[in-house]
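Here the structure comes first, spelled out in C-alpha cells, and everything after it is commentary.
The values are calculated or read from the model by the stated rules, or taken from the named source; none is laboratory data. Please read these numbers as outputs of a predicted model, since none were measured by experiment. Please note: Cβ atoms are built from the backbone with ideal geometry, for glycine as well, and neighbour counts cover all protein chains shown.
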Amino acid sequence: MKCSEFLQELTNYLDGVIDARTKAELEDHLAWCHNCYVVCDTTKKTIEIYRDSQLYELPDDLRGRLRSAIMTKCHAHKKAGPEKA
Amino acid sequence: MSTIQPKVGEPVSEELALVQAAKGGDDSAFEELVKRYDRNVFRIAQHITQNREDAEDVVQDAFLKAYRNLGQFQGQSKFYTWLVRIAVNEALMRLRRRRPERMVSLDEDVKTEEDSVPREVADWSPNPEQQYTQAELRDILGKTIQGLPPTFRTVFVLRDVEGLSTEETAEALDLSIPAVKSRLLRARLQLRDRLSRYFQKRGDGGDGTK
C-alpha cells in the first residue's frame, strides 16, 4: 500500500467503517511508515481536541434570552394563525 | 490505533414524542426541543458564520422556522437532522449576505493548494492542548477552523464536533455520501496540518527528518 492510498482510507479507518482485510493492510502500512503513523495519530488528536474544546459554547444568560425570544415569537405566530405566516 | 467513538444521542422515541406533542399545539414540548438543541444550533451557526450576532439570529430564526413548519416534518429523519438542515441554510444565507463577493456553496468541491497532502508530518507533544491555557487554545482552534472553506468546516463540524453520522450529514447538507466523505477527509487533514505548527514537539524538524 502506498501512502496516498493510505490517506484515501484514513477517514474510513478513523471512523471504523472498513472491512477487516483493508484494516489489516492499513495497519501493516502504519507499522513501517512513520509519516503515515504520525499523520493518522495527529488527525485523530485533531478531531478529539475540537470535539472536547467547548468552542462556541452558548453562555447561560444569552441562552435564556434567546429561548425566551424564540418562544415569544412562536406564541405570536400561533396567535396570528398559520395562514398569516 | 483505536477509532473515534461517536457521541451517543438522546433516544429517538422520546424526541419523537416531543415533536408529536408540539405538533398538537403543546408549546412546552417545543420549548423542550429548543432546550435540547439550542447549544448545538448555536455552535453550528457560529462555526459557519464566524460571527456571534449572526449565530444568535440563526438560532432564533431556525427554531421559529421549525415551529412554523412542524406540520411538514414527516418523521422519516430525526427531528435534529431536520433542524440542522434548516439552521445550516439560515447560516449560509447570512454568510452570503456578509460576503457577497464570494459565492458560498456547499456543492462546490473546493480545491485548495494544501489539499489532502500533509506537509507537516512532525509528531505532536503527548498532550499538546496542555501547552496552552483554555483561552489560548480556543483562540488557536477558532482561528484554525476559520481558515477552512465554509463547505469543509460545515462538514467537519457536523460530523466530528456534533457527532452526526455520515448519512445524517449528507441529508442535512443535501450532499451525496461520497461528497461528505471527501470533504471530511480534506477538512480533517487541513486542520491537522494547520494545528501542527502549534502542537508539534519542540525541536522537531517538521518534515519527518530530525
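Might you check whether a residue that is touching a Leu at 6+ places or on another chain (Cβ under 7 Å) and without any contact (Cβ under 8 Å) to a residue 24 or more places away in the chain occurs anywhere in the stretch B:73-89? No; the residues of the stretch B:73-89 include none that is touching a Leu at 6+ places or on another chain (Cβ under 7 Å) and without any contact (Cβ under 8 Å) to a residue 24 or more places away in the chain.
Applying the selection to the stretch B:32-50, what residues are under 24 Å from B:Asp139 (Cα atoms) and part of a helix (DSSP H, G or I)?
Result: B:Asp38, B:Arg39, B:Asn40, B:Val41, B:Phe42, B:Arg43, B:Ile44, B:Ala45, B:Gln46, B:His47, B:Ile48, B:Thr49.
Cβ-Cβ distances below 7 Å connect the following pairs, each with a first residue in the stretch A:1-22 that is within 11 Å of chain B (Cβ to nearest Cβ), a second residue that is part of a loop (DSSP other than H, G, I, E, B) and not hydrophobic (A, V, I, L, M, F, W, C), and a separation of six or more residues or different chains: A:Leu7/B:Ser116; A:Leu14/B:Thr3; A:Asp15/B:Thr3; A:Gly16/B:Thr3.
Residues in the stretch B:33-58 that are of a type in the set (Asp, Glu) and surrounded by fewer than 18 Cβ atoms within 10 Å (Cβ to Cβ): B:Glu53, B:Asp57.
Considering the stretch A:23-56, and only residues there that are closer than 30 Å to B:Val34 by Cβ and more than 7 Å from chain B (Cβ to nearest Cβ), the residue that is modelled with the highest pLDDT turns out to be A:Glu48.
Pick from B:Gln60, B:Gln72: which is at the interface with another protein chain (Cβ under 10 Å from one of its Cβ atoms) and modelled with pLDDT of 90 or more? Exactly one of B:Gln60, B:Gln72 is at the interface with another protein chain (Cβ under 10 Å from one of its Cβ atoms) and modelled with pLDDT of 90 or more, namely B:Gln60.
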